[in-house]
1. Among the numbered conditions (1) closer than 18 Å to residue 86 by Cβ; (2) within 16 Å of the ligand (Cβ to nearest atom), tell me where residue 14 comes up short.
2. Out of the residues in the range 1-48 that are among the aliphatic types (A, V, I, L, M), closer than 24 Å to residue 78 by Cβ and loosely packed, with under 11 Cβ neighbours inside 10 Å, state the one that is modelled with the lowest pLDDT.
3. What pairs can you find where one residue is in the range 65-82 and under 19 Å from residue 2 (Cα atoms) and without any contact (Cβ under 8 Å) to a residue 40 or more places away in the chain, the other is of a type in the set (A, V, I, L, M) and outside any helix (DSSP H, G or I), and their Cβ atoms are less than 7 Å apart, with a gap of 6+ or different chains?
4. Just one of the numbered conditions (1) within 15 Å of the chain's Cα centre (by Cα); (2) within 12 Å of the ligand (Cβ to nearest atom); (3) in a loop (DSSP other than H, G, I, E, B) is not true of residue 44; which one?
5. Select, from 82, 51, 57, the only residue that is charged (D, E, K, R), surrounded by 13 or more Cβ atoms within 10 Å (Cβ to Cβ) and modelled with pLDDT of 95 or more.
6. Please give the number of the condition residue 27 fails out of (1) more than 10 Å from the ligand (Cβ to nearest atom); (2) touching a Leu at 6+ places or on another chain (Cβ under 7 Å); (3) not aliphatic (A, V, I, L, M).
7. Between residues in the range 13-35 that are among the polar types (S, T, N, Q) and residues that are modelled with pLDDT of 95 or more and surrounded by 11 or more Cβ atoms within 10 Å (Cβ to Cβ), which pairs lie under 7 Å by C-beta distance while being six or more apart or on different chains?
Amino acid sequence: MNTTQEIMDLSRKIAWEEVSRECVFTCKCGKLLTGFHEAHCGKFQKAVDVRQRFVLRDAGFYKEPKNIEQVKVNLKTSDEERAQMAKQI
Ligand SMILES: [Zn+2]
């Protein structure tokens, strides 16, 4: 897997988890939220797409000159921080 693909996968995972956490029981569309629903709901996926752009921006993905390795490190760090915060709650 190349680095850009890794960055896309990781940022999508982070974005997906964030949107999922915001919709504890009810999806963006108002239906009951389940893992199956998340994967098939257009509104949920759209929300993940939008969030992913913010996650990428925060990691420096749109900065020029692009430092793809640094973006990857930033994403991994933020993913670990999130996991830590989730444990503390
Ligand atoms: Zn939905």
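The values are calculated or read from the model by the stated rules, or taken from the named source; none is laboratory data. Just so we're clear, the structure is a prediction, and the values are computed from it rather than from any experiment. Methodologically, a virtual Cβ is constructed for each residue, glycine included, from the backbone with ideal geometry; neighbour enumeration extends over all protein chains shown.
1. Failing condition for residue 14: (2).
2. The residue in question is 1.
3. Matching pairs, first to second residue: 74/59.
4. (3)
5. 51 is the lone residue from the list that is charged (D, E, K, R), surrounded by 13 or more Cβ atoms within 10 Å (Cβ to Cβ) and modelled with pLDDT of 95 or more.
6. (1)
7. Hits for this filter: 20/38.
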